[in-house]
2 protein chains.
Amino acid sequence: MKLWLTTITAALSLQLHASELKLDNNLAYQLTESLTVEVGQRLAGSDADRRAVAWAEQKFQQLGYDKVWREPFTMQYWQRGQASLSVSAPFHQQLVVTALGGSIATPFDGINSQVVMFDSLEQLKQADAAQVKDKIVFINKSMAKDKLGTFYGSVVGARAQGAVEAAKLGAKAIIIRSVGTSINRFAHTGIMRYSEEVPRIPAAAISVPDAIQLEKMLSRQPELTLHLQMDNKLPGEVESHNVIAEITGSKYPDEIVLISAHLDSWDEGTGALDDGAGVGIVMATGALLKQQGRPERTVRVVLFGNEEGGLVGARAYAAKHAAKLKQHVFASESDFGAGRIWRLDTGFGPNSLPFGQTLQQQLAHLDISLGDNSATGGPDVSILKAQGVPVVTLQQDGTDYFDYHHTPNDTLDKVDPAAMQQNLAAWLITTKAVANSRIDLRQ
Amino acid sequence: MKLWLTTITAALSLQLHASELKLDNNLAYQLTESLTVEVGQRLAGSDADRRAVAWAEQKFQQLGYDKVWREPFTMQYWQRGQASLSVSAPFHQQLVVTALGGSIATPFDGINSQVVMFDSLEQLKQADAAQVKDKIVFINKSMAKDKLGTFYGSVVGARAQGAVEAAKLGAKAIIIRSVGTSINRFAHTGIMRYSEEVPRIPAAAISVPDAIQLEKMLSRQPELTLHLQMDNKLPGEVESHNVIAEITGSKYPDEIVLISAHLDSWDEGTGALDDGAGVGIVMATGALLKQQGRPERTVRVVLFGNEEGGLVGARAYAAKHAAKLKQHVFASESDFGAGRIWRLDTGFGPNSLPFGQTLQQQLAHLDISLGDNSATGGPDVSILKAQGVPVVTLQQDGTDYFDYHHTPNDTLDKVDPAAMQQNLAAWLITTKAVANSRIDLRQ
Ligand SMILES: [Zn+2]
Ligand SMILES: [Zn+2]
């Protein structure tokens, strides 16, 4: 630990000025490395989550933040167990599978049923119960790549709602082709939902190569039997935390410029891209801002808990701070991996659009252009935006994000330190511009 | 199965002429697909191995080979169990691990010991017993990429001999950085060896990202404790088979032109690149040759069993056919994935080098150049070469081979059908040239 502190201290003592683009330290990357190496995965509600909370508090302290605290919330804890899926007849093979977050277990001996394939959630919805009853549904929809991750939205429905739709038709379980863009043999996890109206059935994802394999098997032998076994646990309600730290504003301490990321991660990788990178970027931003001279407004860094379970920490934050959301003059979140930022999207009042243009001009040397005014601010921050808080999205290049996202392959080696530097520069410029202005972005 | 047969029959009826480069069917790829989809992994000695043998015999028959038979051999069967590796103190993380082939199990409760890292097998060999005794050795040597897989040889020693060297110094177990070139989070398996002189200790590989992670942990905390648990089994001697088929020569049936691949695979992928591709290529070569008019010499296709365990089937073949190896006028094996062939290496007698040049001229339109005269012919065929059988190696581009080799990620989607076509064309030309000549390549 000592060595690390020395490095950070040395980095801070460089007195870096982002606006002059002389960021030659690596603080954001170092923080991401520290979190992923020392804590690793940090599934919300787990022991590792508690270690991550402790890590974050300690690091905020070490970085010289003025105030550091945690805010508890309660959540449903879901615990992964073993998962296995095999073709039991006629081809006898193991497939690579992972439980979807929130899924119940199978019976102890597993589920042995014929599989029925659908191209999409939409096709499943139109199916007859006779086709589906007592079977294992397989939704085999592939996902295309782009910078914005546009196609995620059109496939993730199978993951989130597939179990409900399959259960409506009497299915025993559902498996989906992984919501991801890589042909590497990793299954992608992610949260799924049940409804009170229909039975809960086990839900899992298979890797893209296994989906291709299963499709090829079915084209040879449509009456294929699968055996699915999973022993996930749902231990019930536990406590988790948002971790919050502030650099107190020198002139307007009650006006809050909120920058954020989420501290929790899925449990199979080390959560380096999702969202260790975001954690490193925003923690470093606050620390370096203070080193550059205290900002006029307060800069609050929020590391939300349990984003992956459905923005649970963000909802708790919004509820707890409901009376003070008016004092939140700005919010943004870094949660789309570690790619370079290429566009500034705003979510401002109409009179503030010129401020967005000025901000983009300050970011232009980082190859960041101006997008539109319909930014969400990021998953957790979208909850604040819904309450009227102005936001920006510093849009990262997510072309490869869904190659790694929610898989065991989300590890530190996928993070490019140079791209992290560019992110940090953009966050410093943006946060500083808002924190040292008098603008009311709601207008 | 019916559909598949129709396709093959249609393909064969095209009467393709490789020398005219009008290979517009996909027979080699189709065979690889059939093997990997219908059988999948086929670890030597397993039930899946037996299914693969039955598959091969059936396909040879369907493809119209004149003779098809199997030749039994005995082998030591090694069965993978569960494997887990975690950092037990101070960082509490699971690492991605796989047992090396042949490794014993750990005690039921696993091994909990401090880890000691070495940069290479050579560095381990120079260590003091005091550094190593009662610890888990970690060899952290990375592998570079090239077309020829040159660097495999310089890292695979840690996998093959690491357990013996570590045991000499009193280690409790050994883990190695995967012998592979990808940063995807897959651990690479492969055969390892014990010696009668020192205790057998468990041996495993961790993925490249996990090796990087472990190295970073050790730089923070040199006194790191690992917990390794594996329950592999060594059930003892079982029978496996080489599967052999022939197109009988029209004029010189006793002169054998042997082309080959290995039928077995490691158990975590589906063995598409290693060596499903080779199986498809050589099975298709014989079948299409017959369609083009029976060759003058006999073309024998050998699918060797248990290559991965140490050329066990190849040794059995050489022993069984010892008296007839003189009749083997040529041998070659396809076992380096599914990349395009870019070079012809020969292993001929000095008087036959002009034949190699003529052959290369026939291959030049496929972008195949002439290499040197020190070809091994391939892993299994190297056993025949050692007995004086002339060989060639149709050298494939292996740049990406070690990204997938011996990992769960060795699946059909990594095979490029167009590259398979190019391979098939080269094998057809080469095999036909030798089978229809009178040349004695030993001279
Ligand atoms: Zn995220
Ligand atoms: Zn091989």
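Observations, loosely collected:
- Boolean, B:A203 is in contact with a strand residue (DSSP E or B) (Cβ under 8 Å, 6 or more places away or on another chain), of a type in the set (G, A, S) and buried (at least 22 other Cβ atoms within 10 Å of the Cβ): yes
- Filter result for B:D335 (crowded, with 22+ Cβ neighbours inside 10 Å, modelled with pLDDT of 95 or more and within 20 Å of B:Q396 (Cα to Cα)): yes
- Yes/no for B:E239 being buried (at least 22 other Cβ atoms within 10 Å of the Cβ) and charged (D, E, K, R): no
- When segment B:261-275 is filtered for residues that are within 13 Å of ligand 2 (Cβ to nearest atom) and within 24 Å of B:Q76 (Cβ to Cβ), the ones remaining, listed by number, are B:A261, B:H262, B:L263, B:D264, B:S265, B:W266, B:G269, B:G271, B:D274, B:D275.
- Residues being in a loop (DSSP other than H, G, I, E, B), more than 15 Å from the chain's Cα centre (by Cα) and not β-branched (V, I, T) - total across segment A:177-196: 10
- The residues listed here are A:A158, A:A166; of these, the one that is out of contact with any His (no Cβ under 7 Å at 6 or more places or on another chain) and at pLDDT 95 or above is A:A166.
- Filter pass, A:D372 being more than 22 Å from the chain's Cα centre (by Cα) and within 21 Å of A:Y401 (Cβ to Cβ): yes
- When B:A44, B:A52 are screened for being buried (at least 22 other Cβ atoms within 10 Å of the Cβ), at pLDDT 95 or above and either within 13 Å of chain A (Cβ to nearest Cβ) or not in a loop (DSSP other than H, G, I, E, B) (or both), only B:A52 passes.
- Checked against the criterion of being over 30 Å from A:S84 (Cβ atoms), away from chain A (no Cβ under 14 Å) and more than 15 Å from ligand 2 (Cβ to nearest atom), the candidates B:V282, B:V257 yield just one match: B:V257.
- Within the set A:G180, A:G153, the sole residue that is touching a residue at least 24 places away in the same chain (Cβ under 8 Å), under 26 Å from A:Q41 (Cβ atoms) and of a type in the set (G, A, S) turns out to be A:G180.
- Residues located in segment B:408-435, provided they are away from every other protein chain (no Cβ under 14 Å) and of a type in the set (K, R): B:K432
- The residues on offer are B:T393, B:T376, B:T399, and the sole one that is away from ligand 2 (no atom under 16 Å from the Cβ) and either of a type in the set (V, I, T) or not assigned by TED's automatic domain parsing to the domain that holds B:E307 (or both) is B:T399.
- Scanning segment B:22-34 for any residue that is surrounded by 16 or more Cβ atoms within 10 Å (Cβ to Cβ), within 14 Å of chain A (Cβ to nearest Cβ) and of a type in the set (G, A, S) turns up at least one such residue.
- Subset of segment A:198-218 that is closer than 29 Å to B:R185 by Cβ and assigned to a loop (DSSP other than H, G, I, E, B) - its residue that is farthest from the other protein chains (Cβ to nearest Cβ): A:P202
- Scanning segment B:94-112 for residues that are out of contact with any helix residue (DSSP H, G or I) (no Cβ under 8 Å at 6 or more places or on another chain) and away from chain A (no Cβ under 14 Å) yields B:A99, B:G101, B:G102, B:I104, B:A105, B:T106, B:P107, B:F108, B:D109, B:G110, B:I111, B:N112.
- Test: residue in segment B:396-407 that is within 14 Å of chain A (Cβ to nearest Cβ) and surrounded by fewer than 20 Cβ atoms within 10 Å (Cβ to Cβ): yes
- Against the test of being within 23 Å of the chain's Cα centre (by Cα), among the aliphatic types (A, V, I, L, M) and within 16 Å of A:A52 (Cα to Cα), the options A:L273, A:L258 yield a single qualifying residue, A:L273.
- Hey, A:G276 buried (at least 23 other Cβ atoms within 10 Å of the Cβ) and over 23 Å from A:D413 (Cα atoms) or not: no
- 1 or more residues over 25 Å from A:P235 (Cα atoms) and outside the structural domain of A:T298 (by TED's automatic domain parsing): qualifying strands (runs of 3 or more DSSP E) within segment A:68-176: A:83-89, A:93-95, A:111-118, A:136-139
- Test: residue in segment B:77-93 that is more than 14 Å from every other protein chain (Cβ to nearest Cβ) and surrounded by 21 or more Cβ atoms within 10 Å (Cβ to Cβ): yes
- Selected residue (criterion: farthest from ligand 2 (Cβ to nearest atom)) from residues of segment A:294-341 that are of a type in the set (S, T, N, Q) and more than 17 Å from the chain's Cα centre (by Cα): A:Q327
- Any hit, segment B:219-227, residues being touching a Ser or Thr at 6+ places or on another chain (Cβ under 9 Å), assigned to a helix (DSSP H, G or I) and in the same structural domain as B:S88 (by TED's automatic domain parsing): yes
The values are calculated or read from the model by the stated rules, or taken from the named source; none is laboratory data. What you see is a predicted model, and the numbers here were worked out from it, not measured in a lab. Cβ: placed from backbone, ideal geometry, glycine included. Neighbour counts: every protein chain shown.
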